[in-house]
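A short write-up of the structure that comes next.
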Amino acid sequence: MSKIAPTDATVLITGENGTGKDMLARAIHADSLRRNQPLVAVDAGAIPETLFESELFGHVKGAFTDAHSDHEGKFEQANGGTLFLDEIGNIPLHLQAKLLRAIQSRSIVRVGGTKTIPVDIRLICATNMDLPALIREGRFREDLFYRINTVHLMLPPLRERREDIMPLAELFLSSFAEHYHRPLTGFDEQARQAILSNRWNGNIRELQNVIEKAVILSEGTVLTARDILSDRPDSMAQGTLRAVSEAEEERMVREAVERFHGNISAAAKALGISRPTLYAKLKKFGL
């Protein structure tokens, strides 16, 4: 990234939901020569088709019924800085041509206007979709793909970069402890094992949410496995119980059975184990 950030090269970031594509885009901007200029982020797939041109390119007063004044679009707002188009794969095909023209010419015309307005932007795009597959299906323009794909950065899912899990967890802990004014200094060993044993199918976003909730509910100075797993053992991967002490395991089993009012199937699913395994643990702990 150190070679890419200082340039004005257009960047395409791909990866599963929650892998931190927006975080990477912001990091690239922060390390760029445009760092003191605005970073304007747009969820391109969330803009209604009828508002697409107005949101991105702006409009002039009277352009349509509700256009009571001139409006500056995202391209103009990002002038001098970085425009981050997230979820670009969701843009309808017929709107992609309009986006391509703006990117190629680095200029826009507001809806209802005639004046060509030059814009100086650095473009970063992101998607969780397979753009080459969309091209083959006729759902994404090949020329737009090549225009936005000067530098391609692919973010692997968190389960494939296990070495990043604890540093991210510690970063989130520090941030949320400060935000919520909690005297937390770290994780105990069982909490670390519980975190590392999970697959984190929701990636960084899931990890962040788990740590935030744990910080809010914690009562000590370090986060425990109980804090991490509180009210959400179903989100933790198979093997979670093996990551905690026997006493903690017994507590988790007891709480799961009580939470589901004795429904063994539901409790086993929540704990990430099979029914026979849960029966064995109930016998083991005399429950």
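The values are calculated or read from the model by the stated rules, or taken from the named source; none is laboratory data. Because the structure is predicted, anything quoted here is derived from the model rather than measured. Every residue, glycine among them, receives a Cβ derived from its backbone with ideal geometry; neighbour counts consider all protein chains shown. The protein model used for the area step is the full one, side chains on, heavy atoms only, and it has no ligands, DNA or RNA in it. Shrake-Rupley method; radii C 1.70, N 1.55, O 1.52, S 1.80 Å.
For the chain, DSSP calls about 15 percent of its internal beta bridges antiparallel. With the Kirkwood sum run over all distinct C-alpha pairs, the chain has a hydrodynamic radius of 22.0 Å. Scalar couplings 3J(HN,Hα) for region 77-83, obtained by applying the Karplus form with A = 6.51, B = -1.76, C = 1.60 to θ = phi - 60°, are 4, 8, 3, x, x, 10, 9 Hz; x denotes Gly and Pro. Look at where the Cα atoms of region 247-268 and of region 196-214 average out, and the two centres are 22 Å apart. Against the chain, whose longest principal axis comes from its Cα atoms, helix 21-30 is set at around 60 degrees. Note on the chain: with a GNM built from Cα contacts shorter than 10 Å, the maximum mean-square fluctuation among Gly262, Gly58, Gly202 falls on Gly262. Taking all Cα pairs closer than 8 Å and separated by 6 or more residues, the relative contact order of the chain comes to 18 percent. In the chain, the longest principal axis of the Cα atoms and the axis of helix 275-284 are about 40 degrees apart. Comparing His94, His59, His29 in a Gaussian network model of the chain (Cα springs below 10 Å), the most mobile by mean-square fluctuation is His94. Of Lys213/Lys281; Lys21/Lys61; Lys61/Lys98, which ones are farther than 32 Å apart at the Cα? From the list (Lys213/Lys281; Lys21/Lys61; Lys61/Lys98), the Cα-Cα distance tops 32 Å for Lys21/Lys61.
GNM remark for the chain: springs join alpha carbons under 10 Å apart, and the peak mean-square fluctuation among Ala191, Ala267, Ala67 falls on Ala67. For region 129-239, the Cα gyration tensor yields ellipsoid semi-axes of 36, 15, 12 Å (square root of five times each eigenvalue, largest first, whole Å).
When shorter helices are ignored and each DSSP H run of at least 4 residues is given -39500 (n - 2.57), the per-residue value for the chain at 222 nm works out to -12000 deg cm²/dmol. Within 10 Å of each candidate Cβ there may be at most 10 other Cβ atoms; applying that plus a DSSP loop requirement, which GluC sites (Glu not before Pro) in region 67-146 survive? Hits after loop and neighbour filter: Glu137. Calculate the length of the line joining the C-alpha centroid of region 49-88 to that of region 121-185, in whole Å. When both Cα centres are located, 25 Å separates them. Average accessible surface for the chain: 51 Å² per residue, computed with a 1.4 Å probe over protein heavy atoms with every protein chain in place. Dividing the C-alpha radius of gyration of region 123-185 by 2.2 N^0.38 Å, with N its residue count, gives 1.75. With respect to the chain, whose longest principal axis is taken over its alpha-carbon atoms, helix 203-217 is tilted by about 60°. Suppose the Debye formula is applied to equal point scatterers at every Cα of region 1-103; what is log10 I(q)/I(0) at q = 0.20 Å⁻¹? At q = 0.20 Å⁻¹ the computed log10 ratios are -1.10. When peptides 251-259, 148-156, 13-21 are sorted by average Cβ neighbour count within 10 Å, with the highest value leading, the order is 13-21, 251-259, 148-156.
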